[in-house]
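The values are calculated or read from the model by the stated rules, or taken from the named source; none is laboratory data. Treat the numbers as computed from the prediction; the structure is a model and nothing was measured. A quick note on method: Cβ atoms are made from the backbone with ideal geometry, for glycine too, and the neighbour counts reach across all protein chains shown. For the accessible areas, the whole protein counts, side chains as well, though only heavy atoms, and no ligand, DNA or RNA atoms are used. Shrake-Rupley method; radii C 1.70, N 1.55, O 1.52, S 1.80 Å.
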Amino acid sequence: MQSVLSSNISAELRRRINDASRVLVLTGAGVSAESGVPTFRGGGNSAVWKGMPFDVISSAGMVSRDLPGVWEWFDYRRELLKSLTPNPAHEAIARWQDRFRGLTVVTQNIDGLHQLAGSKKVIELHGSIWRTRCVTCNSRFAISRTEERRSVCADCGDRLRPDVVLFGEMLPPGAFEMAAEQAAQCDLCFVIGTSGLVYPAAGLPEIAKAAGACVCEVNPERTPLSFVCDFVLTGKAGEVVPLL
Ligand code: BJW
């Protein structure tokens, strides 16, 4: 893999960035990799928890079959996240708020690291590990970084589940629609650290492209989305994004 250097970001890409006013940034697990958050896929590997592939444990069926098992997996990951901090990619993206007239960050990540870095307009397509949701009345509760999480709903007393979108579940109402609207209106779209395999998120760069935006990918590996992109910057987000 030959990584991107400041000197080989093309003049054309620099021009597109300088001219851009409405920017959409789609991020995936790779943007948090250098903070120490494991990705799901990539490098030919796929995440496994206690012998179970992540797409089994992170699935709608698992919530009905074994909610305590799902909580064990999410409690473990939340504990890991407590000590992790944003990396230079999250920080550079947060600074872009002052650089572009309109910036929307659309993330598939549930880790909250964009917000911790200072990004304000963040659409979380797959929910947040820092919230719970009632299985019956859908009330949502924040999970504190310092206190124990609640185990039952304060509104109706039923069980709580992580407020994340598992395979086979619908995205939060309005979240994809809002992201798709921004994608259709942006003039520059960055696709950073996602394998581009999970829909509907992976459809956003195509929406942006079809509406005439310039699309630029940052990833150490090629992905199915590379073919949609005008620019493919091969390298780690924490190294490449600050150069932009
Ligand atoms: C670096 C790096 C560095 C490494 N710097 N980069 C159309 C066709 C076929 C199927 C479907 C379809 N539409 C919907 C579906 C079904 C399904 C789906 O997409 N399946 C596909 C896998 C085929 N989608 C859904 O079920 C979604 N719901 C939905 O569509 O509802 C309507 C519906 C319902 C029922 C039936 C049909 C439709 C919901 C998807 C929810 C995804 N949930 C998860 C788990 C969240 C909770 C948890 O954390 O456990 O979300 S799955 C997992 O994948 C997680 C991620 O957000 C998501 C995307 O992964 P991401 O972010 O791309 O990470 P990785 O690991 O895949 O890739 C990392 C990348 O980083 C790699 O490329 C590396 O190279 C790179 N990288 N280091 C930059 N330093």
- Between ALA154 and ARG22, what length comes free when the chain is fully extended (0.36 nm per residue of separation minus the Cα-Cα distance, one decimal in nm)? 43.5 nm
- Query: Using 7 Å Cα-to-Cβ label points, what is the TYR199/ALA60 separation (nm, one decimal)?
  - Reply: 1.5
- Carbon plus sulfur fraction of accessible area for region 130-244, probe 1.4 Å, in percent: 53
- Query: What ranking do 191-199, 175-183, 67-75 get when scored by the average of other Cβ atoms within 10 Å per residue, highest first?
  - Reply: 191-199, 175-183, 67-75
- Among 214-220, 167-173, what's the highest-first ranking by average C-beta atoms within 10 angstrom per residue? 214-220, 167-173
- Message: Suppose the chain between ASP98 and PHE167 were pulled fully straight at 0.36 nm per residue; how much longer would it get relative to their current alpha carbon spacing?
- Response: 21.3 nm
- Task: Give me the accessible area per residue for the chain, probe 1.4 Å, as a whole number in Å².
- Result: 47
- Could you tell me what percent of the accessible area of region 1-124 is made up of carbon and sulfur, with a 1.4 Å probe and every protein chain present? 52
- Query: So what is the 222 nm mean residue ellipticity for the chain from helices alone, if each DSSP H run of at least 4 adds -39500 (n - 2.57) and you divide by all residues, rounding to the nearest 500 deg cm²/dmol?
  - Reply: -8000 deg cm²/dmol
- Query: Taking the simple approach of a point 7 Å from Cα along Cα-to-Cβ for both ALA47 and PHE141, what is their distance in nm?
  - Reply: 2.4
- By accessible area (1.4 Å), largest first, THR234, THR27, THR136 order as THR136, THR234, THR27
